[in-house]
Each structure stands twice: as C-alpha cells, then as structure tokens.
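Asks: I have a structure I would like to understand better, so I am pasting it below and will then ask my questions one at a time.
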Amino acid sequence: MPEPSPKSSTQSVPSRVYFWGRRQRRGLLPSLIGLVLVVLIVLPIVMIFARAVMVDGRLEFSGAIRTMTNPENLTTISNTLLLGLAVVLGTTIITLPLALILARTQLGRQKWLDTVLMIPFMTPPYIASMGWILFMQKRGLFQQLLPSSGAWSEKFFSFGGLVLVMSLHIFPFMLSILKNAITNISANMEESAAVFGGGFFYRLRRVSLPLISGNYAIGALLVFVKTLSEYGTPATLGRRIGFNVFATNIHQYATISPIDFGRAASLSGVLIFICMAAWLLQNHITTRASYQLVGGKGNRVGSKKLSRLSLITAWFLIAAVIIVAIGIPYFSVISTSVIKLRGYGLAAGNFTFAHYLTLFESLRSRSTFLVSIMLAISSASIATILGTIIAVTVNRFKSRLSKVVEAIGLLPEMLPGIVLVIGIMLFWNRIYRFLPLYNTIGIMVLAYVTLFLPFTIQYVTSSLSQIGENLIQAGRAFGGSPFYVFRRITLPLLVKGIFVGWTMTFIISFRELVTASLVAPPNTLVVSTFIMREFEQGSVSVGMAMAVICVLFTTSALSALSRFIDRQKKPAINL
Amino acid sequence: MRKLLWLASAMLVCLGLIGCSGSEPDVKNTQPSSETSSADTAQREPTAQSDQAQTTGSEPEALTGKVVVYMPSPAGLADKLAAGFQAATGIKVEQFQGTTGEILARLEAEAANPVADVVILASWADGLSLKNAGKLLSYAPANSDKVYPTWKDDGNFIFGTSASAVGVIYNTTIFPQVSADWAELADEKYKDQLAIPDPEKSGSCKDFLSGYLNNKGETEGWAVWESLAANGMTVPGANAAALEAVTTGSKGILVAGVDYNAYSSKAKGEPVDIYYPAGGTVINPRPAMILKTSPNVGNAKAFMDYLLSNDAQNLVAKAYLLPGRNDITSPNRANVSDIPVLVTDWDWMVANAGAIAKKLNTICAK
C-alpha cells in the first residue's frame, strides 16, 4: 500500500524518496542525474551543433537549413528510412522464432547458445561485411569452393545483401530483449488459454505476442536507431553498391577535407528528428502494452517438451542462423588469417600460421589487448551503474522532468557516433585547463560511457517495465525503507537486465572503432585501431588473425562470466 | 538550492575521479602509455629548465621533453621515424596515427587547446589548404635545399619529405602483362575488370584526377573517365579496399592506385604488379609542416630537420615511398626520374578537386 502523499495526489509516488538510505527532497535525484547528463551528453552536442548555426559569433540558421533541405538529401532520407525499416523486418524474422524456441522449449537449457548467438554482435561491422564481400565477390571464396555456381553469388551485392548483413549483425540485440520478455510470461497465461481451447497459433497471436509487444517496440526502436546511425556496413558494402545513407554522408563531412563539422551536425539534426519520432512512437506502444508480468505469484517458466519432429525443426532453425550469421563471415575471416598469399586463394600449400606469429610478436611489444580489455571493463561498469540509476529513477518518478532525462540519455544512440565523439573532443579540449582529461585514456572511458549509456538504460528499462508495482508495495507495507525495497526487491529482479546491459556495453566498447580512431591519446592503440591499421597499410591477414583472437577471447570470457553468475545466483532471484 | 549545487559539483568531481581511476590500471599496464606518463612527470622539470634557458637567452636551447606528431600511414614507417628521432635527439615522440581525414578532424576538434606540433598528411592539396588558412609556421629545415623544387612551397611552410604516385596496378594471374595508357583501358578486353579507389576517400586518387583534368582540359579529360566508367569501372572503397579487390582477383586492374601499397604487396609475393602509364601521372608529395600553434616549437623544428636527414630519408625509401631529397634514391621501386609526370597547377587542383571526385563517383555508380 502506498503512503498517502500530501503533495501529489494523482500519482502513487511516495512524497519522500529515500535513496541510498538518505532522506532527500523529491526531484533532487532527477536533477542531479540531469546535471551529469548535461555535462556528459548535452554540452558536447551543443558544442558541435554550434558549429552548424554560429557564423562569426552570431546565430545564423540559413546555412544549416540549406544543408538540411538540400534536394540531394531526399534520396538519402528515403534510402536511410528504407534501410532502417528493412533491417527491423529482417531482425524480426530472424529473432522471433529463435526467441520462442530459446525461452519456451528445452533448448533454452543449452546455455552455450546464448553466448554463441552473441558472436555476430561481437564482430565489428566492417569485419563482418568484409567477410561477406570476400565470400561472395567474383573469384571469392564461394566461387572457389563451388566453381560450377557461376556468378550466382555476385547477386549478393545489392540492397538485399546489405539488409541481410546488417540484420545478421544486429539481431542479438532484439533476441536478448525478446527472450527475457518471453521468459517472464508465466506459463499460467498460456495454459489458461490452452484450457479454454486456444490452439498454438491462437495463443501466440492473442496471448504471447500482445504480452511482449511493449518489449518488442523497445527492441525494434534500438535496431531501427542503430541501423540509421551505423557506419561500418554502409561504408564498406553500401557504398560499393552506390547506396548512400545519412551516416556515410555525415562521416564524409566530418573526416574528409574540407572538414565541415557544421554540415555534419546539420545533417545529423535530421537523423535526430527521425529517431525522436520513432522513440515517441515506441513510448506510446510500450506504455499501452506494458504488462506487469513479474508479480508476487509464482512464475513458472513454461518449458515445453518438444516432440521429436519439432525438436529437429528447432535445431535446424538454430543451426541455419548460426551457419549464416557466424559461419559465412568467419569462414572468410579465418581462412584469410591462415592464407599465405591472398592472390592465390584457397589452394593446397597456400596456408600458414605465420600471420598469428607476427600478430603475437607485435602484441608482445604493445599492450593493445590489455588496454582494450581495461577500457571495455571500466566503460561497461560505469555505464551500467549510471544507466541503472537513470532507468530506476525515471521509472519511479514518472514526472515530465524524468522523461526529459530519459530522452537525453537516449540521444547518443540517435546520433552517428562520430558526431558525438567530435562534440566530446570539442568540449573536453575546450575545458582542458579546468579538467585535464583530454588526450588521456580517461577521455576514452568517458566517450565510451557517453556513447553506450543508452544500451544500459534500455536494457534496465525493459526489465523494469515488467516488474509489478505490487511487489514494491508489499515491501513497503512490511516496513521496508525505499532503499531496502530497492536493494532486496527491485535490484535482484533487475540483475538479469543489468547483466545483459553490461555485457552488451562490454562487447561494443571492446570493438568500437570510430571513437577510438579519433579520440585515442597519442601512442595508444586499441584492438579496433590495430586491426584497421593492418587493413589499411599492413597485412589484412594479420588484421583478420587479430579479429579471430578477439572473438575467441570475448566468447570465452563471456561464457565464463555467465557461468559464474549462474552459480552465484541466489534462489530468490528465480521468481 | 545551494545544497543541490554543492551536491552536483561533488558528483561532477566524483565522475571525474571515476573517469581517471577507471583509466589508472590501463596506464599502469600499457607500455606506451606508462612510458608517456612517466616521461610526462619526468619531463616536467626539464621543460621548466628549458623555459628558463629560453628566458635567460642561452642560445643552443637544450632540446628535451616531447614533440607531438600527427602522421598518416604507413604505420611501420611512422613507428620507425618516431624511434629514430628519439634515439637521435632524446626527445620523446608522441604520435597519433590516422588517415589524412582523421588527422584533419582531430586538428579541427582541438583548435581551442592545440596539442600537435608537427603534422604530416598524405595529400599535397590538403597541406596547401592548411597553409592558405594561415595555420602553419615557416621554417626551413636542414637539407631543405635538396628537396625537389616542386615539393616545397615558396614560403618554407610545407615540405614534401616523402611522396607517392598513382599508377595502374594489375593482378598478374588475370593479366600477365598490361601497359595500356589511361584512355586505352577503355578497351573491350578490360571490360568489367576495372576498379578505382574512391577519390572522395583517397587523397592521392583525388589529386591525380584533378591533375589529369587540369592537364588535358575538362572536355577531353572527362571523355576518358566516362569511357572507363562505361567499361564497367567500379569503386570498391578507399586505397586499401580497392587494392584488396585486385589482390584477391575480384577485379583485374586498379586504375589510379597508390603505388607504395602495390610495391609492398608485390614484395610479399602477391600476384600484383604496377606501371605508370606513358600519358603521365601525378606525384603527390606528402607535406610535413609545423603548426603555428605548436606548443614545442624547438622540438618541432628538430623533428623537421630529422625528417630530411639521411636516416629518415632512407627509412622513407625502405617503406616504398619516394624520398623527398633528390640526392637519395630508392633501390626497390621506380624513382622520380622514371615516372612520367603530368604538368599541373596545384592551385587549380585544390579549387576543383572536390567537385571532380564527386563527379567521378557519380559516373561510376551509373
């Protein structure tokens, strides 16, 4: 039962909020968070957008408007939107059956699948697209394996191929959100429907799917927004087929002379506008279709035993996804890393491990690997703590201010990374005298935290939306202080979402390229810039060998970690 | 309200601390970084001393501390130059490596508190732009009299301490021998085998195209490129990606490919070869310059001197680039005297290159 609140009678929000065991005025926490976000996100964005609208120290919008309304943009806008929608559709088709299988059948017990299905996301987009290009191109690996297939594989170089590669890269996002959501649907719901005679598809259509539509909207938004701001794949594959999107144009203004940050900012303004509209739509859907599924009642996870035939079909589906999403790009990556001379392709006697030796040799003299790991761990941890606090606060206060806070927290996801990174550089370089963070490793951590905060916010929000108010109220009724309630009820229920958020941030910080290539302090090389340097000027094979080592490392570290967490899990979490 | 402000600032400080402490282990574990940081602390004193030395006016100023250099690839060369300079002078080199575009973006982003002393770019046109924007410091390094006259400007602002040229790179398993001039590549036997680096991303390809059009005139020049585009020429990506397409055999011929990459691939044993069409090409000096805002001017000048020293010039030659000094030749590639060159006007090229690059991409996408 909520305390009667003297100040606001409309909301069942306690008038006094205790946070970290301290009595504070309501709204203090949101303002505090707001302030941190202003420094981390808003000021850098203001710095770069000022370049678009400030001419000789006064406001001048005509240039920005001219850039935005350039008729050439129309094709780019329609291309961008088309790609975004097609990739959302593509990921949905890949993800939905997988999520159902993993959440609802005995295959869910195969924990290794969780980690393996994360591999496409661990693969840097430019490596995955390069893998596909090497496989599908004329005289590529596919034609070398199957010479009789003719030029069939070259059909890959089309819009369909682009959508395929991007969907296969990003589907783990959607999968982790949907799987969590479906797992939280109590089997009771479906069984009641079954008792009343609902068939499988009826139950799917009228019970399960509506129950997860709110979470699906979150996942779809993430995929849509990420696709719009993605640079790696459109730059490697998209440009090759003459398919230009906003992100590539923005990069062009930012890193090709004549450098024009202002035009890059103006163009990303259009992108932010589109993404904000998508976010409002998602909010509308999620609020309307938010079902508090995690309540006090026992929540049996309905794990259905499949019949032999269905089991085979399910395994077949999973295998197909793994082969296409991981098998094909990694076949190219691994074979490139062991081919002696690339001009002679897959041929007997043309294989060697020398590239790995070269790699280990150059890794011994530099601590590239260690720097990347430390960067990923510290960024993921800070982003997770910050993201959790933001998501929880926003959820508890439900005021207009907190909505704004959430919107700001999501901004980094809507901008192509490079725009925010340049903003961060402009801002932290400007205040170097007061806070000498620029040109240190600290600025990289800060940039990663800023860029990847949206993930943690979205993951925690997605799990929060399913937790019933009644659990919190029960805790309060029995005299638990808000902090106690948070620590003993909310937090344990969130652990899974928080952990997934941390994992995603870790993975993406470990492989981030655009940020590292601009903001890294002198003499500092991380995994991604190392690979890029090998691609540009050294040996592509050594770069690919590094990519292989990185994925092996990430996969084994993550599976060890998730095993560890599983073992530590107290029974209380398994509601 | 005051409490709120106080709390807010406390939070900010915490955040800063988190940022720093999060990075601390990295610094300890990173060899390069830890060296930098210890060098930073160690050099604080010497820098102060050299400041004093300057103020007291004692002439040959003691060179200590660091120099911050922004260099494009090839990475191996950049590392060797940094190590060589450090060994010769004891000055620590802090280098940021990136593409020309990344370097320019970084310079622009840190304009408020400049960090870099010396900048090297891969495109002469971009060096000229920096000079025209008044961002450079004039200094004539030792040996600059031996630099090819067209590889330096008249105000001693930019020096081509190395250079690359573009040529035609071909896969020898597909075409054992090619020697066609630019226009002859429109021949039927090269149908769908042509690739060109994206001139909007490759400075050397962009400078070549604008040089070609400047030399031949726009009508005649574009007729050639349109005939190549009609012969199925595609744009696989920037320099590396375009060469990649030819190395792996997806395309047979790379038009206007940058030469040093091809020489190093060939040396590894890859089936590629390169020639310079008789019609002539553009040699693109890679400009080295000191920024007007350089915080360590003395060290920056010493680094420029080093770039034109025998040691550095030989390192340049070993990286398959053309040395900037006319008295040093490269044993493993075509030298300046072997390369047929188009007579071009750089000012015209700087003004028109952007539009030309864009147009080439458009006609190839058709």
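The values are calculated or read from the model by the stated rules, or taken from the named source; none is laboratory data. Everything numeric in this text was worked out from a predicted model, so none of it was measured. With ideal geometry, Cβ positions are generated from the backbone for all residues, glycine too; neighbour counts draw on all protein chains shown.
Asks: Would you mind stating whether A:I212 is within 20 Å of A:T67 (Cα to Cα), in contact with a helix residue (DSSP H, G or I) (Cβ under 8 Å, 6 or more places away or on another chain) and not aromatic (F, W, Y)?
Replies: Judged against the criteria, A:I212 is not a match.
Asks: Among residues belonging to region A:231-275 that are in a helix (DSSP H, G or I) and of a type in the set (S, T, N, Q), point out the one that is nearest to A:Q137 (Cα to Cα).
Replies: Result: A:T236.
Asks: Within the bounds of region B:230-238, is there any residue that is outside any loop (DSSP other than H, G, I, E, B) and surrounded by fewer than 24 Cβ atoms within 10 Å (Cβ to Cβ)?
Replies: yes
Asks: I'd like the full set of residues that are surrounded by fewer than 17 Cβ atoms within 10 Å (Cβ to Cβ) and of a type in the set (S, T, N, Q), limited to region A:130-149.
Replies: Hits for region A:130-149 are A:Q144, A:S148, A:S149.
Asks: Please count how many residues of region B:122-178 are of a type in the set (A, V, I, L, M, F, W, C), within 18 Å of the chain's Cα centre (by Cα) and within 14 Å of another protein chain (Cβ to nearest Cβ).
Replies: Counting residues in region B:122-178 that are of a type in the set (A, V, I, L, M, F, W, C), within 18 Å of the chain's Cα centre (by Cα) and within 14 Å of another protein chain (Cβ to nearest Cβ) gives 5.
Asks: In addition: Being within 22 Å of B:V69 (Cα to Cα), of a type in the set (A, V, I, L, M, F, W, C), more than 26 Å from the chain's Cα centre (by Cα) and more than 7 Å from chain B (Cβ to nearest Cβ) is the filter here, so list the residues in region A:430-458 that pass it.
Replies: none
Asks: If you don't mind, another one. Given the condition more than 23 Å from A:V225 (Cβ to Cβ), of a type outside the set (S, T, N, Q), touching a residue at least 60 places away in the same chain (Cβ under 8 Å) and within 13 Å of chain B (Cβ to nearest Cβ), answer yes or no: does some residue in region A:380-393 qualify?
Replies: no
Asks: Please give the number of the condition A:W152 fails out of (1) modelled with pLDDT of 90 or more; (2) farther than 30 Å from A:I185 by Cα; (3) away from chain B (no Cβ under 14 Å); (4) surrounded by fewer than 21 Cβ atoms within 10 Å (Cβ to Cβ).
Replies: Among (1) modelled with pLDDT of 90 or more; (2) farther than 30 Å from A:I185 by Cα; (3) away from chain B (no Cβ under 14 Å); (4) surrounded by fewer than 21 Cβ atoms within 10 Å (Cβ to Cβ), A:W152 violates only (1).
Asks: Going through region B:149-163 one residue at a time, which ones are surrounded by 24 or more Cβ atoms within 10 Å (Cβ to Cβ) and either hydroxyl-bearing (S, T, Y) or in contact with a His (Cβ under 7 Å, 6 or more places away or on another chain) (or both)?
Replies: B:T161, B:S162
Asks: Let me ask you something else. Of the residues that make up region A:96-118, is at least one more than 21 Å from B:T234 (Cβ to Cβ), among the aromatic types (F, W, Y) and either more than 14 Å from chain B (Cβ to nearest Cβ) or part of a helix (DSSP H, G or I) (or both)?
Replies: The answer is yes, given that some residue of region A:96-118 is more than 21 Å from B:T234 (Cβ to Cβ), among the aromatic types (F, W, Y) and either more than 14 Å from chain B (Cβ to nearest Cβ) or part of a helix (DSSP H, G or I) (or both).
Asks: Which of the residues that make up region A:181-205 are within 30 Å of A:M276 (Cα to Cα) and more than 27 Å from the chain's Cα centre (by Cα)?
Replies: A:R205
Asks: Of all residues being part of a loop (DSSP other than H, G, I, E, B) and over 24 Å from A:T287 (Cβ atoms) in region A:468-519, which is nearest to the chain's Cα centre (by Cα)? Just the residue, please.
Replies: Out of the qualifying residues, it is A:E512.
Asks: Would you say A:R533 is without any contact (Cβ under 8 Å) to a residue 12 or more places away in the chain, part of a helix (DSSP H, G or I) and within 14 Å of chain B (Cβ to nearest Cβ)?
Replies: Spelling it out, A:R533 is indeed without any contact (Cβ under 8 Å) to a residue 12 or more places away in the chain, part of a helix (DSSP H, G or I) and within 14 Å of chain B (Cβ to nearest Cβ).
Asks: Right, here's the next one. Quick check on my filter: what residues within region B:87-100 are within 7 Å of another protein chain (Cβ to nearest Cβ) and either over 9 Å from B:P72 (Cα atoms) or at pLDDT 90 or above (or both)?
Replies: Of everything in region B:87-100, those that are within 7 Å of another protein chain (Cβ to nearest Cβ) and either over 9 Å from B:P72 (Cα atoms) or at pLDDT 90 or above (or both) turn out to be B:E94, B:Q95, B:F96.
Asks: What's the number of the condition A:I418 fails, among (1) of a type in the set (V, I, T); (2) more than 11 Å from every other protein chain (Cβ to nearest Cβ); (3) within 30 Å of A:A278 (Cβ to Cβ); (4) surrounded by 15 or more Cβ atoms within 10 Å (Cβ to Cβ)?
Replies: Just one mismatch for A:I418, condition (2).
Asks: To continue, here is another question. Hey, can you tell me all the residues within region B:101-119 that are more than 7 Å from chain A (Cβ to nearest Cβ) and either buried (at least 22 other Cβ atoms within 10 Å of the Cβ) or charged (D, E, K, R) (or both)?
Replies: Scanning region B:101-119 gives B:I103, B:A116, B:D117, B:V118, B:V119.
Asks: Taking region B:249-273, which residues are of a type in the set (S, T, Y) and over 15 Å from B:L194 (Cα atoms)?
Replies: B:Y260, B:Y263, B:S264, B:S265
Asks: Of B:T329, B:T293, which residue is over 22 Å from B:K80 (Cα atoms), at pLDDT 90 or above and polar (S, T, N, Q)?
Replies: Going through B:T329, B:T293 in turn, just one is over 22 Å from B:K80 (Cα atoms), at pLDDT 90 or above and polar (S, T, N, Q): B:T293.
Asks: Being of a type in the set (S, T, Y) and surrounded by fewer than 24 Cβ atoms within 10 Å (Cβ to Cβ) is the filter; apply it to region B:179-206 and report the residue that is farthest from the other protein chains (Cβ to nearest Cβ).
Replies: If we take residues in region B:179-206 being of a type in the set (S, T, Y) and surrounded by fewer than 24 Cβ atoms within 10 Å (Cβ to Cβ), then B:S179 is farthest from the other protein chains (Cβ to nearest Cβ).
Asks: Follow-up question, since we're still on this one. Pick out the one residue from A:L311, A:L280 that is at pLDDT 85 or above and touching a strand residue (DSSP E or B) at 6+ places or on another chain (Cβ under 9 Å).
Replies: One residue alone meets the criteria, A:L311.
Conditions (1) of a type in the set (K, R); (2) within 14 Å of chain B (Cβ to nearest Cβ), marked per residue:
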position: A:A376; (1), (2): no, yes
position: A:R400; (1), (2): yes, no
position: A:K403; (1), (2): yes, no
position: A:P412; (1), (2): no, no
position: A:R476; (1), (2): yes, no
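Asks: Any chance region A:214-230 includes a residue that's buried (at least 21 other Cβ atoms within 10 Å of the Cβ) and within 14 Å of chain B (Cβ to nearest Cβ)?
Replies: So far as region A:214-230 goes, no, none of its residues is buried (at least 21 other Cβ atoms within 10 Å of the Cβ) and within 14 Å of chain B (Cβ to nearest Cβ).
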